[in-house]
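Scroll down for the structure; my scribbles are underneath it.
FYI, it's all coordinate maths here, none of it is from the lab. Small disclaimer: the values here were computed from a predicted structure and weren't measured. Methodologically, a virtual Cβ is constructed for each residue, glycine included, from the backbone with ideal geometry; neighbour enumeration extends over all protein chains shown.
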Amino acid sequence: MADGIIANEEPYHAVVRRLRELGPELQKGYSKKMRETAAPFARDVLITGASSLPKRGGLSYRVASSRPSVQADHQRVMVVFGGKFAKGLGGIEQGIVMHPVFGRRGDDGAYRMVSQRVKRGVFAAPFAAGAPKVREALLRTGQE
């Protein structure tokens with residue numbers, strides 16, 4: 001899921017310039033605050049998106065059980081969904097999920113993988129809806 005919140009606001013760029021001047025220790029603390037600010041947003045996007053996926057067969061649970069990782073440095077914040085349940089979910093925003101067919105093993109003993117069509121853009125809508133709020137929160141964090 002390669003969407004992001006782009007902060008083209010001048011206050012944000014001013015904070016980044018100030019942090020570069022102040023050194024790595026302040027940058028590290030700022031990055032931590034940014035991660036903490038964006039973490040609830042990442043979890044909300046994950047849960048909202050998962051709720052619109054098929055419940056039968058456990059896909060919704062599998063996606064909701066993945067762990068959102070918030071990565072931040074003094075210039076950007078990025079949300080990555082991963083974890084042990086994330087395998088085969090790379091194309092979910094395009095409407096394709098790969099999953100094993102349990103009880104059907106190939107000659108090599110591995111489960112046969114099939115693709116399943118799902119609703120496209122399940123994470124784009126909650127991401128777009130929450131982006132303005134989290135952008136404001138991130139800008140406030142940078143000005144503290």
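The modelled label-to-label distance for the pair Met98/Met78, using points 7 Å beyond Cα in the direction of Cβ, is 2.1 nm. Each peptide among 45-57, 97-109 gets the average number of other Cβ atoms lying within 10 Å of its residues, and from highest to lowest they stand as 45-57, 97-109.
Three principal axis extents of segment 24-143 based on alpha-carbon atoms, in descending order, are 58, 29, 19 Å. Rounded to 0.05, the FRET efficiency of the Arg18 and Arg43 pair, given R0 = 22 Å and the Cβ-Cβ distance, is 0.15.
Over segment 104-144, the ratio between the Cα radius of gyration and 2.2 N^0.38 Å evaluates to 2.29. Over all distinct Cα-Cα pairs of segment 20-60, the Kirkwood formula returns a hydrodynamic radius of 12.6 Å.
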